[in-house]
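Below: one structure, written as structure tokens.
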Amino acid sequence: MLAERYDALFIDLDGVVYRGDQAVPAALRVLPELRRLDTTILFLTNNSARTPEQVAQKLQGLGIEAVGTEVLTSALATAALLRREGAGERTAFVIGERGIREALEGVGVTLVDGQPDRTDLVVVGWDRSADYSKLRTASLLVERGARLIATNADASYPAPDGLWPGAGALLAAITTTTGAQPTVVGKPAGPLFEAAAEATGATRPLVVGDRLETDVGGAAEMGWDSLLVLSGAARRADLLASRALPTYVGEDLSAVLDERPPGRFRRATEREVEPVRALLEISSLRSGGLDRRLAGTLVAGGSDEASGLDATACLESVGGFGLLRSVAVRPDVRGRGLGMLATAAAVGEARTRGLTRVFLFTEAAEGFFKGLGFSVIDRESLPGAVRAGDAAAECPSAVTMALDVSP
Ligand SMILES: [Mg+2]
């Protein structure tokens with residue numbers, strides 16, 4: 001199963017393990033199972049307000065076994081970064097709550113409150129009692145040479161009644177004032193992930209998260225695989241608007257217990273014409289003209305010759321538009337996110353080529369493509385080149401769909 005292919009799971013909390021004050025049901029089932037498998041688990045959070053023990057207590061309160069050492073907050077990672085840099089005795093003015101304050105003191109940083117004239121560092125995290133006076137002091141210290149460090153740059157904090165200003169919003173007040181470039185620790189920046197690797201000794205971890213920009217994008221920057229779960233912030237349609245794509249996508253954390261093939265899409269080679277044809281035919285899709293379309297054909301899997309390719313999709317350019325066709329997944333691995341990833345990879349191909357609208361014809365998968373953000377359109381409204389092309393002629397009774405591609 002997926003969890004066994006990696007030496008650690010770095011699991012995001014909000015949107016994966018809980019949503020607000022409710023446990024995600026899958027997490028209650030899956031986490032004990034991962035413990036039985038002896039999987040190395042580290043919970044990662046950008047939130048710097050709580051201490052690891054406070055986070056562990058919250059998890060325990062939701063019925064999830066956890067101890068403080070299994071939690072890595074952006075506060076702890078900030079402290080780890082400063083410890084690694086090792087520059088001895090330093091002073092810091094902090095905009096932040098207990099989590100970051102305790103973490104900094106833990107590595108020997110002296111916190112200076114009030115209105116100091118100078119400090120070595122200004123550290124900004126989420127602070128529900130931040131006010132003008134603190135922002136002014138922080139800005140003045142940065143202007144006088146203090147190094148600006150942010151636990152994370154999250155613009156907002158998702159609260160039950162809406163979005164509250166996040167650490168990034170407080171940070172923006174200081175960077176807007178001073179023009180300073182902060183060192184950012186939390187996802188998608190590297191230091192939190194580096195601290196996670198250091199804490200576990202993992203060299204081949206899987207990042208599990210609910211956000212494309214932070215969890216998936218950050219993992220990709222590290223060269224790590226990721227699983228996007230749809231139990232939190234990201235929706236299916238967001239996949240098609242994202243530059244960074246996850247290795248896997250699943251409904252929730254239970255995906256880590258599946259036999260889920262990776263969706264690493266690459267261009268098909270000439271030697272793969274027959275495997276692609278076999279995959280299309282077993283999926284009842286047309287394979288005529290495949291040789292001509294090879295340049296736009298993406299495939300995943302295939303290292304194991306016996307089972308063939310796992311999935312494919314093709315993006316053709318027709319008259320300045322994208323035409324998505326031949327989305328197919330091997331029957332025994334269907335329902336495990338590969339179709340979504342194939343479609344997202346093909347739409348990414350359209351984006352790379354500067355195509356702003358993608359069309360498709362489908363006889364059986366209207367609901368699937370609708371879930372990914374495509375809309376049904378009238379065949380008459382197709383651009384002439386697409387309407388007169390061979391794909392349109394091959395499927396006269398198919399539903400016609402379109403998607404605007406975000407730049
Ligand atoms: Mg999250």
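What follows is calculated from the coordinates using simple rules that are stated; it is not laboratory data. These numbers come from a predicted model, not from an experiment. Methodologically, a virtual Cβ is constructed for each residue, glycine included, from the backbone with ideal geometry; neighbour enumeration extends over all protein chains shown.
List of remarks:
- Helix-derived mean residue ellipticity, 222 nm - over the chain, DSSP H n ≥ 4, -39500 (n - 2.57), to 500: -9000 deg cm²/dmol
- Charged-residue dipole, Cβ positions (Lys, Arg, Asp, Glu), region 78-184 about Cα centre, Debye nearest 20: 200 debye
- Distance cut-off 25 Å, percentage of C-alpha pairs in region 78-184 lying past it: 14 percent
- Between the Cα long axis of helix 338-352 and the first principal axis of the chain there is an angle of about 90°, rounded to the nearest 10.
- Taken along the Cα-to-beta-carbon direction at a fixed 7 Å, the label points for residue 357 and residue 21 span 4.9 nm.
- Region 266-404, Cα convex hull volume normalised per residue, Å³: 100 Å³
- The C-alpha atoms of region 164-259 occupy a region whose extents along the principal axes are 50, 34, 22 Å, arranged from largest to smallest.
- Tilt relative to the chain, helix 190-200 - C-alpha long axis, 0 to 90 degrees, to 10: 80 degrees
- Placing a label point 7 Å from the Cα of residue 194 along the Cα-to-Cβ direction, the residues of region 1-34 whose backbone N falls under 20 Å from that point are 10-11.
- Compared with the direct C-alpha span, the chain from residue 270 to residue 115 gains 49.0 nm at full extension, assuming 0.36 nm per residue.
- Modelled spin labels at residue 133 and residue 4, positioned 7 Å past Cα toward Cβ, are 6.0 nm from each other.
- Net length available on complete extension from residue 107 to residue 334 is 76.8 nm, with 0.36 nm assigned per residue and the Cα-Cα distance removed.
- Whole-Å distance, taken between Cα centres, linking region 362-407 and region 39-56: 45 Å
- Where the alpha-carbon atoms of region 84-127 are placed on the principal axes, they occupy 26, 25, 12 Å, in descending order.
- Placing a pseudo-label 7 Å from each Cα along the Cα-to-Cβ vector at residue 33 and residue 83 gives an inter-label distance of 3.4 nm.
- Of 126, 224, the sequence from fewest to most neighbouring Cβ atoms within 10 angstrom is 224, 126.
- Neighbour-count ranking [beta-carbon atoms within 10 angstrom, fewest first] of 242, 133, 156: 133, 156, 242
- Proportion of all alpha-carbon pairs of the chain beyond 32 Å (%): 44 percent
- Long-range HN-HN contacts of residue 24 with modeled amide H, under 5 Å: 18, 19
- Loop-located trypsin sites (Lys or Arg not before Pro) in region 326-401 (DSSP state other than H, G, I, E, B) with a sparse environment of at most 16 neighbouring Cβ atoms within 10 Å: 334, 353.
- Overall, the chain carries a charge dipole of about 640 debye about its Cα centre when +1 sits on the Cβ of Lys and Arg and -1 on the Cβ of Asp and Glu, all other atoms neutral.
- For the chain, the longest principal axis of the C-alpha atoms and the axis of helix 132-143 are separated by about 90°.
- Exposure proxy order (Cβ contacts within 10 Å, fewest to most) of 368, 361: 368, 361
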